[in-house]
Structure formats: structure tokens, C-alpha cells
Amino acid sequence: MTITVKTFERLADAAGALSSERGARFLGGGTLVMRAVNEADPSIQTIIRSTDPGLYHVTLSSGRIELGAGVTMAAILAERELAFLHPVARAVGGPAVREAATVGGNLFAPSPYGDFAAALLALDAMVMFAGGFGQRELALEEFLSRRDRNASLVSAVAFKRPASDAFRFAKVTRVHPKGVSVLSIAAQLPASGGRVSGARIAYGAMAQTPVRAKTAERALEGRSLDAAGIAPALATAADGTSPVDDAIASAWWRREILPVYLRRLLLNETHA
Ligand SMILES: Cc1cc2nc3c(=O)[nH]c(=O)nc-3n(C[C@H](O)[C@H](O)[C@H](O)COP(=O)(O)OP(=O)(O)OC[C@H]3O[C@@H](n4cnc5c(N)ncnc54)[C@H](O)[C@@H]3O)c2cc1C
């Protein structure tokens, strides 16, 4: 089957084509799209590309960070101001994948992929869309909940810079250094007077999309990050998750090890 490739200078035009053409797929870094094309995925009839520089910006201003959807994991690793995100970007595949893999593509990557999206969820990120009609901005959590029905072109993500040392990330994998996630955990743990205030915890590979651990977040409120303080959060760590059995791990195993790695993350015992 022939696949048509359409390249647009303006993101808005690419967005129009994406939403109006059946069988159209936007090309980010192509690490997943091109695999699907090579496997002759019949649902892909048109590839939409854009050369708009707006896709590649990194804007850091007064506590707010905006990343163009086309920013790659390698570009994040090259930006010192984004050092808190380096462990996340470094956890996505090997060097060749990171050169191509984009922030935008990670939002659509099927589980157990989506490590960067899990981090963005813990950062309370907003998703911005290019062109088209309707809402131009959506909370990432809502975006993920309707991802499969989405034919919108993501232009960027934006979030507040977390307080210094408040952001943590861990990825559990069987194959080091670049294996796919058994699960990943991202947490933003702001503290006031030694007590957690407004925690955000998100998991990758614990459901069809990255998910928030809302029960555990509530259980951490007002607690200190020591063994006694985090015990209620660990007891409810798997609430709201629905992991699957796949080639990487069983759902049972994912649930079993989740509290073990959440404990290490909350006690800051590892950055693995
Ligand atoms: C060997 C290998 C290892 C990998 N390891 C990991 C890993 O450890 N962790 C991980 O999270 N992922 C991993 N991945 C998956 C993937 O590389 C990443 O998730 C990557 O971030 C996807 O981005 P991309 O730009 O390559 O997406 P693409 O392949 O370009 O696109 C993926 C999907 O997103 C859509 N899309 C892309 N950009 C946009 C946009 N701006 N707006 C709307 N739709 C868009 C595409 O249409 C497509 O449906 C791996 C992949 C491979 C092949």
C-alpha cells in the first residue's frame, strides 16, 4: 500500500490535515510511527510532518517551562536548566532512540512506554494544541484519559518548575541500561516545615496510560518523608492502577514491586 507523506511549514496547516484526513498520523521522531509503517500497519495511509520551528522550542521563564512537542530526549539532556529531567530523558531507550524520540510522541506511546509522560503528569503539565477548532489547552491527565480518541496535533507541554530537589524519578527495568519499563514512578514532593504539601505521584506502565496515584498522594499530605510518615501511602500505592500482563512483567508482579520502589523513591534511597 502506498503511503503519502505531507510536509507543512506551518503547524496550524499540519494540524488541519491531521484532523481532517482519515488514516493520517503525525510524525514526531518516528521511533514508533516508522516501526508501524515498516510493519505495514494498514491504519496508516498518510504521514503528516511539519518543519515549523515552533515545535522545537525550550522556553524557561519565571518558574514556567515550556517544551515544544518536537523537542527530543537528547535535546533535554543537552539543556542544563532541565537537569531535574535528565534522569527521565536518559531512561528513554538507548542513545539512538533518544536522538529521535520526542516529548510529543511520548504522550502517545503505548504502555509500557511513556516514561516521560509519567514525569510530566507528576509535574501537573498542560498540553497545548496547534490549529484546528475547540480547546487549545488541556491538563495532561485529561488528555491521557481520552488519548485514543484524539486526532489533535500537540504543539507543546508546559509546567511549573518544581521546587529544588522536590522532583524524583525512578524506572524499574529488567535490562540495564536501556530496557523497557516494568514500571516507572515520578513524584513531585513539595514540603513545608518538613511536611509534604501537595504531592503529585504518577506511574508509568501501571495502566493503559501513565496514571496519578491519587490515594497515595492524599495519604502523604502533611506527613514527613520517613518510614512512619510514608507507611499509609505505601499501603495504598497500587490503588487506582490497572497494570497488564505483557512480555516485560505480569500485572501481579508490577503490583507487588510497586510499593518497594515507591518506598525507595520517597525515602530518596535511589535514583535508579
Ligand atoms: C527500541 C525502543 C526503545 C524504547 N524505549 C522507550 C523507553 O524506555 N521509554 C519510553 O517511554 N519509550 C520508549 N520507546 C518508545 C518511543 O521511542 C518513545 O516513547 C518516544 O518518546 C516516542 O516519540 P517519537 O517522537 O519517536 O514518536 P513517533 O513515533 O513519531 O509517534 C508516536 C505516536 O505519537 C503521535 N505523535 C507524535 N508527535 C505528536 C504530536 N506532536 N502531536 C500529535 N501526535 C503526535 C504519532 O502520530 C504516533 O501515533 C522506545 C522505542 C523503541 C523503538
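The values are calculated or read from the model by the stated rules, or taken from the named source; none is laboratory data. Keep in mind that this is a model prediction, so the values were computed, not measured. All Cβ positions, glycine included, derive from the backbone under ideal geometry; neighbour counts span all protein chains shown.
Observations on the structure shown:
- Residue that is nearest to the ligand (Cβ to nearest atom), among those in the stretch 4-32 that are among the acidic types (Asp, Glu) and surrounded by fewer than 16 Cβ atoms within 10 Å (Cβ to Cβ): Glu21
- Within the stretch 161-178, considering residues that are surrounded by 14 or more Cβ atoms within 10 Å (Cβ to Cβ) and of a type in the set (D, E, K, R), the one farthest from Arg25 (Cα to Cα): Arg168
- Condition met for Val154 (within 15 Å of the ligand (Cβ to nearest atom) and crowded, with 24+ Cβ neighbours inside 10 Å): yes
- Residues located in the stretch 121-145, provided they are more than 13 Å from the ligand (Cβ to nearest atom), over 17 Å from Gly28 (Cβ atoms) and not acidic (Asp, Glu): Ala122, Leu123, Met126, Phe133, Gly134, Gln135, Arg136, Ala139, Ser145
- Apart from one condition, Pro42 fits all of (1) in contact (Cβ under 8 Å) with a residue 40 or more places away in the chain; (2) within 12 Å of the ligand (Cβ to nearest atom); the exception is (2).
- Residue within the stretch 163-179 that is modelled with pLDDT under 95, within 16 Å of the chain's Cα centre (by Cα) and either assigned to a loop (DSSP other than H, G, I, E, B) or of a type in the set (Val, Ile, Thr) (or both) present: no
- Within the stretch 78-104, considering residues that are touching a Leu at 6+ places or on another chain (Cβ under 6 Å) and within 21 Å of Asp165 (Cα to Cα), the one surrounded by the most Cβ atoms within 10 Å (Cβ to Cβ): Ala89
Condition check ((1) near the ligand (Cβ under 6 Å from one of its atoms); (2) assigned to a helix (DSSP H, G or I)) across all residues:
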site	(1), (2)
Leu82	no, yes
His86	no, yes
Val97	yes, yes
Pro112	no, no
Ala119	no, yes
